[in-house]
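Just below is one structure, and these are the notes that go with it.
The values are calculated or read from the model by the stated rules, or taken from the named source; none is laboratory data. Please read these numbers as outputs of a predicted model, since none were measured by experiment. FYI the Cβ positions are ideal-geometry reconstructions off the backbone, even for glycines, and counts take in every protein chain you see. The protein model used for the area step is the full one, side chains on, heavy atoms only, and it has no ligands, DNA or RNA in it. Shrake-Rupley method; radii C 1.70, N 1.55, O 1.52, S 1.80 Å.
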Amino acid sequence: MKTLGYTRSFGIYHATSSGSADGYLDGAWMSKGLGLNLDVPGGVGIWGLMELAGISGDNITPTQVLAMQADNGNVYTDAGGLTFTSTGITAAGVPQFIDVTTSVDWLKQRTQEAILSLLVGSQTKIPYTDGGINQVVSAWQGVLDSGVNFGHLSPDDPPKISAPLVSSVSSADKAARELTMTAEATLAGAIQKVTLILNLSF
């Protein structure tokens, strides 16, 4: 899966057999991860550092953990009195964490819904004018703003939409009734590893 660069597949190691009550780590992980509500502020979460109820951590060495992570796999281990999943990475590896995939999917789905709702739900046509283009911009901007509010996108670098003036659109695109716009946005990402340097002196 790593070699093929799969962004929608991910694996996690668990030593306990699936026949025991403690053996369904995959189900517990999927249940908690897919249970995240991506449509509310604070609902976006990461699949790494998750505690899973009723699942015991594996007693594996740091070397084994590193070997698994080198293959873009995940583990469920104990550290510092806590039991949690490791990175929450897909088979494709950094930067394609599982939550990156789900945020990209969320943006695509909500954008399609917003634009389709505008085009289909309008009582009359959306005219190919600057005003009509602005209606499309407004619909898309609403999704991007929600992406910031819900935690998918960074508020430090707000999304920016680039839309053409109708005077710059080709006659062919106008005749075909096709509008092309672009936008730039930054994923909010997450902090999962911290390096602290303390300098002490007398």
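Residue separation of GLN135 and VAL94 scaled by 0.36 nm, minus their Cα-Cα distance, works out to 11.1 nm of gained length. Extension gain, VAL194 to GLN112: 0.36 nm times the residue separation minus the Cα-Cα distance gives 25.8 nm. One decimal place: the segment THR124-LEU4 gains 38.5 nm when fully extended, by the rule 0.36 nm per residue minus the C-alpha distance. Taking θ as phi - 60° and the Karplus parameters 6.51, -1.76 and 1.60, the scalar couplings of segment 32-42 work out to 6, x, 6, x, 5, 8, 7, 10, 9, x, x Hz in sequence order, x denoting glycine and proline. Under a 5 Å amide H cut-off, with hydrogens placed 1.01 Å from N, ALA183 pairs with SER162 among residues at least 5 apart or on other chains. Helical runs (DSSP H, four residues minimum) scored at -39500 (n - 2.57) apiece and divided by the length of the chain put the mean residue ellipticity at 222 nm at -11000 deg cm²/dmol. Here the chain is treated with +1 on each Lys and Arg Cβ and -1 on each Asp and Glu Cβ, and its dipole about the Cα centre works out to around 420 debye. Here segment 1-102 exposes an accessible surface that is 58 percent carbon and sulfur, computed with a 1.4 Å probe and the other protein chains kept in place. Normalised per residue, the accessible area of the chain is 63 Å², obtained with a 1.4 Å probe and no contribution from ligands, DNA or RNA. Hydrodynamic radius of the chain by the Kirkwood approach over all distinct alpha-carbon pairs: 20.1 Å. By the Stokes-Einstein formula, at 1.567 mPa s and 4 °C, segment 141-199 with its Kirkwood radius over alpha-carbon pairs has D equal to 89 µm²/s. With Cα atoms defining each centre, segment 114-130 and segment 146-202 are spaced 24 Å apart in the structure. Taking the alpha carbon gyration tensor of segment 101-193, multiplying each eigenvalue by 5 and rooting it gives semi-axes of 29, 14, 11 Å, largest first. The residue list ILE46, GLY73, ILE115 was ranked by how far each Cα lies along the charge dipole of segment 1-138 toward its positive end, using unit charges on Cβ atoms, and ILE115 comes out on top.
Bridgeable lysines around LYS125 (alpha carbons under 25 Å apart, same-chain partners fewer than 8 residues away excluded): LYS108, LYS174. Nonpolar atom fraction for segment 117-169, defined as the carbon and sulfur part of the 1.4 Å probe accessible area, stands at 55 percent.
Put simply, segment 1-106 fits an ellipsoid with semi-axes of 22, 18, 12 Å; these come from the alpha carbon gyration tensor as the roots of five times its eigenvalues, largest first.
Determine Rg/Rh for segment 54-107; Rg is computed over alpha-carbon atoms and Rh is the Kirkwood hydrodynamic estimate from the same atoms.
We get a ratio of 1.05 for segment 54-107.
The value of relative contact order for the chain, using C-alpha pairs under 8 Å at least six residues apart, is 20 percent.
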